[in-house]
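Report on one structure; see the data block that follows.
Bear in mind that the values in this text are calculations on the coordinates, not laboratory data. Every value quoted in this text rests on a predicted model; they were computed, and no experiment measured them. Cβ: placed from backbone, ideal geometry, glycine included. Neighbour counts: every protein chain shown.
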Amino acid sequence: MINNDDGVSMSVDYCDHLHNGTKHNKGKTHNEIQFKVIVVGEQGVGKTSLIKRHVNGEYASTTKPTIGVDFAIKKHKIDRNTYAVVQYWDIAGQERFHKMTRVYYDRAVAALVVFDITKPQTFHAVEKWKNDIDQKVFLPDMQPITCILVGNKADIVNHYKIPMEDISNFCRQRGFDAFFETSASLNKNVEQCFKFLVKQVLKKNGSTLPREECDCIRLDRPVRNRTDDYYCC
């Protein structure tokens, strides 16, 4: 691991862009597709907790604020001979780090934009983050990268929650690929969210995935009640 002056921790041989490679292991050959995903949102919405739950299967009720950016790597098995190796860049939500986002976003092919579903101010800040992404990072063909909206902390009960209709309308207007309501604490919808993200990235970049019906709610259909935890756009 190395640390640079901008508060970025990274491995020496990190892969920050979509890349196809072939690995040989004990006489067996498999393909790896490596790419970078940024995870953004206001401070305290649970970005680090979501990543740790997904990558390590762990949850801590308290975490230290991210300084600049941190990252984790997760290998997803796509088929018998293919793996997606995803590097998640956990970007600090504090205002003082926003001037560095162009550097942090560089060569990302997807983003998770996270808010706290019980705090409207973090939802209102999503537009700022989405605009920042749209202005600073693109796919090689200049198309927008995959963006998933994530409403975290769904485990908190007896507390105001942002109406689903408001969220679904916002997703349509701002071009999100999907919305997921998650809980890192209860491990609710976390794996579904990250797997959908990987599938969308590989789909946009021309990779073939095993055929699987998308078990989700289209945003062009009527909004249902909160028992529906995620939408495809």
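Details
- Fully extending the segment from R174 to N56 would add 39.3 nm, taking 0.36 nm per residue of separation and subtracting the current Cα-Cα distance.
- Summing +1 for each Lys or Arg and -1 for each Asp or Glu among the other residues whose beta-carbon sits under 11 angstrom from that of F194 gives +3.
- Pairs from the table (K75/K161; K77/K161; K47/K136) lying more than 31 angstrom apart at Cα are K75/K161; K77/K161.
- Formal net charge of residues neighbouring A72 (Cβ-Cβ distance under 13 Å; K, R +1; D, E -1): +3
- Counted residue by residue at 0.36 nm each, then reduced by the alpha carbon distance between them, the extension gain from D79 to N205 reaches 43.7 nm.
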